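Structure first, then comments.
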Amino acid sequence: MGTTSKTNPRLHRVVRELRDLSRENGVAIWRDVADRLERSRKNWSEVNLSRLGRYAAKGEQVVVPGVLLGTGAIEVPVTVAAFRASAAARKKVEAAGGRSVSLLELAVQNPKGSGVKILG
């Protein structure tokens, strides 16, 4: 069995732009996120809000290189960036006073990746 390549054009764009940002700014965090997204989908991170609530502090920026799911609760306001987030997860994060953004939005806002935590 050969290896199949990913066919999602949005995923290709995100990975390419994260790699470019990493190269331009000389930081490894965005390259690491791009590497994790290139893995097979069964190896992607699936993070529930309960885990996010346990490991994220108030006002922190968290990257989920995969999927953010809405199981559990979160009480602290955080900025969460994931390739894909369920509607329930987005709604709960915003209800706690946080923000749910795309990976590229967070990468453009914080190109050096300072203070960003990878969860998953």
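Annotations for the structure displayed:
- Given (1) free of Cβ contacts under 8 Å to residues at least 24 places away in the same chain; (2) within 15 Å of the chain's Cα centre (by Cα); (3) under 17 Å from K117 (Cα atoms); (4) not in a helix (DSSP H, G or I), index of the condition R31 fails: (4)
Residue-wise test of (1) assigned to a helix (DSSP H, G or I); (2) free of Cβ contacts under 8 Å to residues at least 12 places away in the same chain; (3) closer than 22 Å to L69 by Cβ.
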site: S5; (1), (2), (3): no, yes, no
site: L11; (1), (2), (3): yes, no, yes
site: V14; (1), (2), (3): yes, no, yes
site: D20; (1), (2), (3): yes, yes, no
site: R36; (1), (2), (3): yes, no, yes
site: E46; (1), (2), (3): no, no, yes
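- Odd one out for R51 among (1) part of a loop (DSSP other than H, G, I, E, B); (2) out of contact with any Pro (no Cβ under 7 Å at 6 or more places or on another chain); (3) more than 24 Å from R16 (Cβ to Cβ); (4) not acidic (D, E): (1)
- Hits in the stretch 77-107 - residues which are assigned to a helix (DSSP H, G or I) and either modelled with pLDDT under 95 or in contact with a helix residue (DSSP H, G or I) (Cβ under 7 Å, 6 or more places away or on another chain) (or both): A89, K92, L103, L104, A107
- Residue within the stretch 59-76 that is surrounded by fewer than 20 Cβ atoms within 10 Å (Cβ to Cβ) and either part of a helix (DSSP H, G or I) or touching a residue at least 60 places away in the same chain (Cβ under 8 Å) (or both) present: no
- Among the residues of this structure, S100 does not count as one that is surrounded by fewer than 18 Cβ atoms within 10 Å (Cβ to Cβ) and polar (S, T, N, Q).
The values are calculated or read from the model by the stated rules, or taken from the named source; none is laboratory data. Only a predicted model underlies this, so the values are computations on that prediction, with no experimental measurement involved. Every residue, glycine as well, gets a Cβ built from its backbone with ideal geometry; the counts of neighbours run over all protein chains shown.
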